Amino acid sequence: MFRRPFFGYGVTPPWQEMARLQREMNRLFDAFSLAGGRIGPNYPAMNVRTNDEGAVVTAELPGIDPEDIDISVVGDTLTLSGSLQPETLKEGETYHRRERGFGKFRRIFQLPFQVETDQVEASFKNGVLSISLPRAEQDKSKKIVVESTQKKLEAK
Amino acid sequence: MDHLFDDFFESFGLTPFEPFGAFSPRVDVSETDKEIKVSAELPGLDENDIEVSLARNLLTISGEKQEEAEDKGKNFYRMERSYGSFRRTIPLMVEVEADKIKAKFQKGVLTVTLPKTAEAQRQTRRIPIKTG
């Protein structure tokens, strides 16, 4: 039942014990999130990548109808919301196992720059939503030329 | 603690503790009188990346989930999606018609329909409970 003896070979440092407890808790929550039913607060899983031009956000929304996704961008903030419908069962159909989630979701994400809101584009393929968010002109990085004082001095 | 939780989840037929960060699709299994239906969430995969096989009464869904090509060459700001090869084996409780299995992939969800054999359909009988 217990992984180590209760009064074993000396005392485990408390920080180690805390780290272990945290791991156990994370694993427990992972297990719950696998148990299906209502989707969690971190749904959907998102990747955000940025470069000089802007950002690309991808979100995993398998099985969703693209019409049920709502994307809004204000300033530097992206809000992704929608609802994932549970699959309807046929007459006499019963579940043996249910891990997939359903329900409403809402995720708010702040980007490190202002977005050119009228140029935001979104596409949905194989259950992955991809949103491209271009950087607003005023937030684009500009190269600053360092003038050499040496040359100026030589010219004189 | 570990054993306690393992036992708890195994009692529901779940395998709760996947290695951290590895991709493992979520699966629903449902049954009617005539068929078994398995649906698996495989977002970002292409139908060519997925393999479905049946051996005895075990249905196996496997493949590899890879990052999108357009994602490369940019800096990560946040990464929550997981990738890698995966394999899920689902035991079927009844005999199915192996040559009549249908699989389709739509919006990132794989749906496999497995019709029960006539024998299996005959064997599934509701047992009436007598009241005394």
In this structure, among A:Lys104/A:Lys125; A:Lys90/B:Lys116; A:Lys125/B:Lys34; A:Lys104/B:Lys116; B:Lys34/B:Lys130, pairs with alpha-carbon gaps over 24 Å are A:Lys125/B:Lys34; A:Lys104/B:Lys116; B:Lys34/B:Lys130
If each K or R counts +1 and each D or E counts -1, the residues other than B:Glu35 whose Cβ falls under 11 Å of its Cβ total +2
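Where a number appears in this text, it was derived from the coordinates with a stated rule and is not lab data. Computed from a predicted structure; not experimentally measured. All Cβ positions, glycine included, derive from the backbone under ideal geometry; neighbour counts span all protein chains shown.
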